[in-house]
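The block underneath contains the structure these notes are about, expressed in structure tokens.
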């Protein structure tokens with residue numbers, strides 16, 4: 001570790017040389033200026049499109065001037081090429097957007113493409129100031145009586161990272177093939193994909209430990225420590241992990257389900273191995289609920305067998321109106337309201353005799369439970385208009401006070 005610190009101190013000495021500082025300024029100052037101008041909302045979009053070209057011309061002119069004056073310009077040239085490559089990645093965004101979904105493209109760029117490019121750029125720059133092969137053999141110390149060098153640790157960490165990021169598509173493909181062959185449900189397919197992915201990642205971690213140089217005794221010691229941690233410190237995390245797998249296999253809570261949470265319908269957006277992400281329509285809120293909650297509390301689902309849901313509105317009519325006429329009008333109003341299903345047909349019921357009115361219930365079926373509040377509002381407005389046209393009164397409570 002001390003040898004690595006000495007190497008880093010040597011890099012700092014290299015960066016303090018006047019000709020190195022000059023090359024850094026030649027490339028970085030125009031890049032920073034262009035980045036700041038690109039953030040200005042008032043700047044014309046046409047100028048923003050031409051900004052990379054202008055910056056490239058300025059950097060090329062500055063590097064040419066350094067070369068004409070006989071000054072070193074190798075570092076400036078490499079930095080300009082790396083900057084050009086970064087701008088090329090940004091220009092690649094729009095073509096990729098046509099074939100890849102925005103959410104998937106964002107994950108691909110932020111977790112794979114850009115991190116790999118930054119890593120490659122760092123290695124290229126590091127090779128200018130030092131010898132990478134010499135750095136790779138630097139001993140970082142001993143872990144569990146096993147010497148570990150920087151090169152093996154870097155390769156193992158990079159392999160595990162790429163395995164975690166890149167194992168999802170193959171796992172999804174294998175799970176899809178299994179679903180087609182065995183006729184599994186979508187929930188079982190998702191669970192199988194996750195299990196395949198975690199098995200592959202687990203095997204990759206074991207390979208990485210072996211590549212670093214850990215002996216089997218050390219690996220067993222780590223596994224024993226993890227088992228103790230599962231038993232004491234992170235048992236809730238492990239419980240949510242197992243609950244997530246079970247829910248995926250069972251299919252009782254899966255993406256697209258509509259659950260009744262705290263008096264509101266919520267749509268399940270995703271089901272992870274630790275928690276489920278639910279969306280609440282009335283305030284556009286996202287709820288993160290631990291998977292274990294679905295095993296310890298009763299949960300109402302509106303989409304267990306299908307997405308149809310029966311809804312109802314309550315309305316009162318004066319005693320002077322015949323109940324048969326009111327019921328017929330309510331049912332006709334519901335049938336004429338958009339988004340109310342015709343089959344099963346709407347049904348109006350006479351519920352009770354109240355002090356000032358007869359209470360009716362209009363029950364109808366809707367296709368999407370998340371639209372319940374909006375559809376009920378439409379039905380209530382239609383009832384108001386229908387009662388007004390038919391001359392049906394909605395009485396309100398009245399009190400008569402007699403003075404002795």
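The values are calculated or read from the model by the stated rules, or taken from the named source; none is laboratory data. Values in this document were obtained by computation on a predicted structure and should not be read as measured data. Positions of Cβ are backbone-derived with ideal geometry, glycine not excepted, and every protein chain shown enters the neighbour counts.
Scanning the range 117-131 for residues being under 27 Å from the mean Cα position of the chain (by Cα) and in contact (Cβ under 8 Å) with a residue 40 or more places away in the chain gives a total of 0. Which numbered condition in (1) closer than 30 Å to residue 268 by Cα; (2) over 35 Å from the mean Cα position of the chain (by Cα); (3) touching a residue at least 60 places away in the same chain (Cβ under 8 Å) is the only one that residue 369 fails? Going through the list (1) closer than 30 Å to residue 268 by Cα; (2) over 35 Å from the mean Cα position of the chain (by Cα); (3) touching a residue at least 60 places away in the same chain (Cβ under 8 Å), residue 369 breaks only (2).
Can you say whether residue 339 is in contact with a helix residue (DSSP H, G or I) (Cβ under 7 Å, 6 or more places away or on another chain), modelled with pLDDT under 90 and surrounded by fewer than 16 Cβ atoms within 10 Å (Cβ to Cβ), as far as the supplied structure shows? So residue 339 fails the test. Just the residues that are under 27 Å from residue 18 (Cβ atoms) and not in a helix (DSSP H, G or I), please, taken from the range 69-128. If the condition is that a residue be under 27 Å from residue 18 (Cβ atoms) and not in a helix (DSSP H, G or I), then 69, 70, 71, 72, 73 are the ones that fit. Across the range 359-381, the qualifying residues are those that are modelled with pLDDT of 90 or more and crowded, with 19+ Cβ neighbours inside 10 Å, and the one among them that is nearest to residue 321 (Cα to Cα) is 360. If you go through the range 278-302 and keep only what is more than 19 Å from the chain's Cα centre (by Cα) and outside any loop (DSSP other than H, G, I, E, B), you end up with 293, 294, 295, 296, 300, 301. The residues of the range 294-352 that are in contact (Cβ under 8 Å) with a residue 60 or more places away in the chain and under 30 Å from residue 271 (Cα atoms), listed by number, are 302, 303, 307, 309, 311. Does any residue in the range 156-183 that is crowded, with 16+ Cβ neighbours inside 10 Å come within less than 7 Å, Cβ to Cβ, of a residue that is assigned to a loop (DSSP other than H, G, I, E, B) and at pLDDT below 85 six or more places away or on a different chain, and which pairs are these? Short answer, once both residue conditions are applied: 178/184. Residues in the range 260-277 that are in a loop (DSSP other than H, G, I, E, B) and touching a helix residue (DSSP H, G or I) at 6+ places or on another chain (Cβ under 8 Å): 3 in all.
Just one of the listed residues (314, 278) is closer than 26 Å to residue 240 by Cβ and in contact with a strand residue (DSSP E or B) (Cβ under 7 Å, 6 or more places away or on another chain), and it is 278. Checking each residue in the range 276-289 for being more than 30 Å from residue 383 (Cβ to Cβ) and either in the same structural domain as residue 356 (by TED's automatic domain parsing) or crowded, with 17+ Cβ neighbours inside 10 Å (or both) picks out 276, 278, 287, 289.
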